[in-house]
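Engineer: Here it is, the structure in full.
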Amino acid sequence: MARVKITKRFIISCSAGSRDVFHRDSELPGFGIKVSPRGTISFIAEGRIKSGGPKRITIGKHPTVSLEHARGKAQEALQLMKDGLDPKQVQAEERDQRAREAAVEDAKKVTLRTVFEDYLSLRDLKPKTIGDYRNTFDVCLADWLDKPVPLITRRTVEQRFLKIKNGQGKGQASKCMRILSALMNFAKAEEVDDGVRLITENPCEVLNDKKIDRQLKPRTRHLDKNELKLVVEELSHAGNPAASLTNLTIANFLMLLLFTGLRRDEAATLGWKDVDFERQYFTIHDTKNGTDHVVPMSSHVEGMLERRSQASDKDDQWVFPNRRRTGPLREPRKQLEKLEQITGVKFTCHDLRRTFATLADSYGIDYNLIKRALNHKTQDITDQYIQSKVERMRDVFDSVAKEIMWWAYDEGTPTQTEEAGQTAEDVAKKLAGGGQHQG
């Protein structure tokens with residue numbers, strides 16, 4: 001077919017046939033147009049790839065693509081073929097590159113709030129933990145939530161840590177950075193496009209690289225022997241109208257913490273359906289480490305739970321209901337403050353957990369058994385296969401109960417209770433729940 005000079009006028013004059021009709025340009029070899037049977041006119045470039053076969057590519061359709069633009073694109077494509085490159089492959093690579101660049105630009109706009117919400121939605125976190133995370137960020141990083149994640153740098157992290165530390169204390173600063181670091185690792189693993197990460201490094205690592213001190217002094221507070229005497233003595237009188245601490249529910253709750261080493265929320269959410277009096281144990285679900293915790297009942301705990309189960313105002317669901325009977329007991333701060341005023345001993349619910357561990361150690365119980373009694377998470381792989389029998393653990397809780405009574409009512413040291421004609425055994429019965437039950 002003879003070549004023609006392809007002009008705008010020539011293109012307009014082209015007519016369709018029964019099949020595709022090709023017209024090759026006389027000025028730029030390899031450039032031409034294709035007219036389809038439906039009259040669609042497309043610009044084409046034809047050539048032979050070096051060390052390859054013939055190649056025809058479509059540049060665009062008339063009139064969407066102008067003749068001048070099409071000629072220029074054809075010239076580029078023909079040069080690529082001459083250089084041994086496939087124009088279609090080059091175009092695809094260019095599209096991919098533009099997509100990656102667009103993804104990177106989009107990534108620069110992803111905010112800390114977005115990453116935070118994605119993190120919370122994909123992690124199996126307890127509502128209390130989620131609430132704690134949100135509160136920490138609201139207090140420490142509220143002005144960062146709408147900041148694009150790539151703009152959170154090592155320098156800004158270091159500066160913010162020091163600001164929180166100086167304003168709210170090292171504990172708050174360390175907790176905030178621990179949560180932020182988890183989010184940054186989450187963002188670091190996020191791919192905004194194939195092979196393109198949201199961020200390439202965790203800016204919180206600057207705190208490790210510079211060895212900035214974030215260590216907190218471990219809490220070791222527990223009740224010593226004299227403090228234990230005062231607290232146990234006062235709790236033993238609870239439920240008596242003449243006693244200073246009259247709320248028996250709170251007293252029983254605190255005694256359960258002391259005799260079992262349970263965490264506050266674990267004890268507070270104990271339900272009657274999880275108490276097995278026949279087998280003398282109860283089960284805590286939804287624990288901190290995610291495993292059910294079976295707790296054998298010492299005689300003191302069993303007696304206290306039996307008395308509560310027989311009380312006229314027993315709650316149908318919770319062993320320790322709140323005062324309004326709308327759910328489980330919350331942290332009894334006011335009662336702890338009242339108990340401090342009475343005894344002069346200041347302590348938290350978690351201090352009773354550490355007291356349990358101290359008593360167990362004082363009795364000579366094996367460290368690994370203490371860890372299991374406290375339901376601590378262990379890194380020992382064999383612990384995944386060794387299921388501690390309830391009866392084996394029962395000795396641990398019975399021993400701690402004995403140690404409590406020895407510490408609180410040492411026969412060699414006269415106490416107010418003994419002076420009143422009571423023995424440690426009498427007090428043990430009281431600790432199981434004396435006086436009239438008050439919720």
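Engineer: Just tell me which aspartates and glutamates come within less than 20 Å, Cα to Cα, of residue 188; anything on the same chain fewer than 8 places away is out.
Structural biologist: Straight-distance partners of residue 188: 101, 105, 106, 117, 118, 124, 146, 158, 201, 205, 209.
Engineer: Something else: Can you order the peptides 252-261, 400-409 by their average number of other Cβ atoms within 10 Å per residue, highest first?
Structural biologist: Taking the mean over residues of other Cβ atoms within 10 Å, the ranking is 252-261, 400-409.
Engineer: Go ahead and collect, in residue order, the members of region 58-84 whose backbone nitrogen is under 15 Å from a label point 7 Å along the Cα-Cβ direction of residue 101.
Structural biologist: none
Engineer: Rounding to the nearest 10 and keeping the result within 0 to 90°, find how far the Cα-based axis of helix 170-188 lies from the longest principal axis of the chain.
Structural biologist: 40
Engineer: Just going by the charge dipole of region 1-142, with Lys and Arg at +1 and Asp and Glu at -1 on Cβ, which of 49, 119, 90 is farthest out on the positive end?
Structural biologist: 49
Engineer: Which net charge results when you count Lys and Arg as +1 and Asp and Glu as -1 among the other residues whose beta-carbon is under 13 Å from that of residue 363?
Structural biologist: Taking every other residue near residue 363 into account, the sum is -4.
Engineer: Let me ask something else about it. Please work out how much length the chain gains when fully extended from residue 166 to residue 285, using 0.36 nm per residue of separation minus the C-alpha to C-alpha distance, in nm with one decimal.
Structural biologist: Difference between extended and current length: 38.9 nm.
Engineer: Among the lysines, which have Cα under 30 Å from the Cα of residue 225 when same-chain residues fewer than 8 positions away are ignored?
Structural biologist: 217, 288, 334, 338, 346, 371, 377, 402, 429, 430
Engineer: Going by average Cβ density within 10 Å per residue, which order do the peptides 213-221, 142-150 take, highest to lowest?
Structural biologist: In descending order of packing, they fall as 142-150, 213-221.
Engineer: Here's a follow-up. Relative to the Cα centre, what is the charge dipole magnitude of region 112-209, using +1 at the beta carbon of each Lys and Arg, -1 at the beta carbon of each Asp and Glu, and rounding to the nearest 20 debye?
Structural biologist: For region 112-209, the charge dipole is close to 620 debye.
Engineer: Mind sorting 275, 231 by how few other Cβ atoms lie within 10 Å of their own Cβ, fewest first?
Structural biologist: 275, 231
Engineer: Rounded, prolate or oblate: which fits region 112-209, taking a ≥ b ≥ c as square roots of the Cα gyration tensor eigenvalues, rounded meaning a/c under 1.5, else prolate when a/b beats b/c?
Structural biologist: Note, shape of region 112-209 comes out oblate.
Engineer: If neighbour count is taken as other Cβ atoms inside 10 Å, put 136, 58 in order from fewest to most.
Structural biologist: Exposure proxy ranking, most exposed first: 58, 136.
Engineer: Run the paramagnetic zone check for residue 276: 7 angstrom along Cα to Cβ, then residues of region 292-326 with backbone nitrogen under 14 Å.
Structural biologist: Flagged as within label range: 292-297.
Engineer: OK, next. What list of whole percents do you get for P(r) of the chain, with Cα-Cα distances grouped in 20 Å bins up to the one holding the largest distance?
Structural biologist: The distribution over the chain is 19, 31, 21, 12, 13, 4, 0, given as percents.
Engineer: Distance in nm between label sites at residue 366 and residue 142, each 7 Å beyond Cα in the beta-carbon direction?
Structural biologist: 5.3
Engineer: Continuing with this model, one more query. If you line up the long axis of helix 349-363 against the longest principal axis of the chain, both from Cα atoms, how many degrees apart are they, to the nearest 10?
Structural biologist: Between helix and principal axis, roughly 60 degrees.
Engineer: Compute the helix-to-body angle for 390-408: its Cα long axis versus the longest principal axis of the chain, expressed 0 to 90° and rounded to tens.
Structural biologist: Taking Cα atoms only, the helix is inclined about 50 degrees.
Engineer: Please find, in a Gaussian network model of the chain (springs between Cα atoms separated by less than 10 Å), the residue of 106, 274, 25 whose mean-square fluctuation is greatest.
Structural biologist: Highest fluctuation of the listed residues: 25.
Engineer: In addition: Suppose R0 equals 25 Å. What FRET efficiency, 1/(1 + (r/R0)^6) with r the Cβ-Cβ distance, do residue 75 and residue 16 give to the nearest 0.05?
Structural biologist: The calculated FRET efficiency here is 0.40.
Engineer: Please work through the chain and write down the cysteines that have no neighbouring cysteine Cβ at a distance under 4.7 Å.
Structural biologist: Here 14, 204, 349 come out as lacking a disulfide-compatible partner, given the Cβ-Cβ threshold of under 4.7 Å.
Engineer: Quick check on the chain: helices-only [θ] at 222 nm, where DSSP H runs of length 4 and up contribute -39,500 (n - 2.57) each and the sum goes over total residues. Nearest 500, please.
Structural biologist: -15000 deg cm²/dmol
Engineer: Here's a follow-up. Residue separation times 0.36 nm, minus the C-alpha to C-alpha distance between residue 51 and residue 208: what's the value?
Structural biologist: Full extension of this stretch gives 51.0 nm more.
Here, each number is a calculation from the coordinates, and none is a lab measurement. The structure presented is a predicted model; accordingly, all values stated were derived computationally and were not measured. Note: ideal-geometry Cβ built from the backbone for every residue, glycine included; neighbour counts use all protein chains shown.
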